[in-house]
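Before any comments, here is the structure.
Derivation of every value follows stated rules applied to the coordinates shown; laboratory data play no part. These numbers were taken from a predicted model, which means no experiment stands behind them. Here the Cβ positions follow ideal geometry from the backbone for every residue, glycine too, while neighbour counts run over all protein chains shown.
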Amino acid sequence: MNYTKKCNLKQKINEIKSKLHNELDVAEECYKNLDFTTEFPILVSYTTRIKILKTFINWFKLIKYNKLDKINIESITKRINIHLYQIKKLTDNKNYLINKNYFSDIIKLILYIINSKNKGNP
């Protein structure tokens, strides 16, 4: 992998980490403002989303310290599928597709990084 690709990948990783942290802050704030008795389905959806975001953030820390064996893609895909189902039931199809693409892109990036590191590139 050449220097430009390494820099672009590091920049992309830093951008995604920053966005994940920002989104986590927003999700936690929304979660705090929900009413348990009247907004329970939305509360459950936010709980799932927060767990997914924390897992992704943790994975980027594991990648940084080259602990790739600790990353379990299968566990997060199950949680993402549950969350996407929740979104589909609570919102419109457009929101569902946006979230599906969002989570897919993050998983693709993580898989790319894992494959690159296993080949000894970055």
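Overview of values
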{"quantity": "Whether the chain is rounded, prolate or oblate, judged on the alpha carbon gyration tensor where a/c under 1.5 counts as rounded", "calculated": "prolate"}
{"quantity": "Förster radius 22 Å - calculated FRET efficiency between residue 11 and residue 70, Cβ distance, rounded to 0.05", "calculated": "0.35"}
{"quantity": "Contour excess over end-to-end distance, with Cα ends at residue 55 and residue 108 and 0.36 nm allotted per residue", "calculated": "17.6 nm"}
{"quantity": "Unit charges at the beta carbon, dipole of segment 1-89: most positive-side option, 30, 41, 83", "calculated": "83"}
{"quantity": "Cβ-Cβ FRET estimate between residue 18 and residue 40, R0 fixed at 22 Å, reported to 0.05", "calculated": "0.10"}
{"quantity": "10 Å Cβ shell holding at most 13 others, DSSP loop, chymotrypsin sites (Phe, Trp or Tyr not before Pro): longest site-free stretch of the chain", "calculated": "66-122"}
{"quantity": "Cα gyration tensor category, rounded, prolate or oblate, for segment 1-71 with a/c compared to 1.5", "calculated": "prolate"}
{"quantity": "Debye, to nearest 20: dipole size of the chain, +1 on Lys, Arg Cβ, -1 on Asp, Glu Cβ", "calculated": "720"}
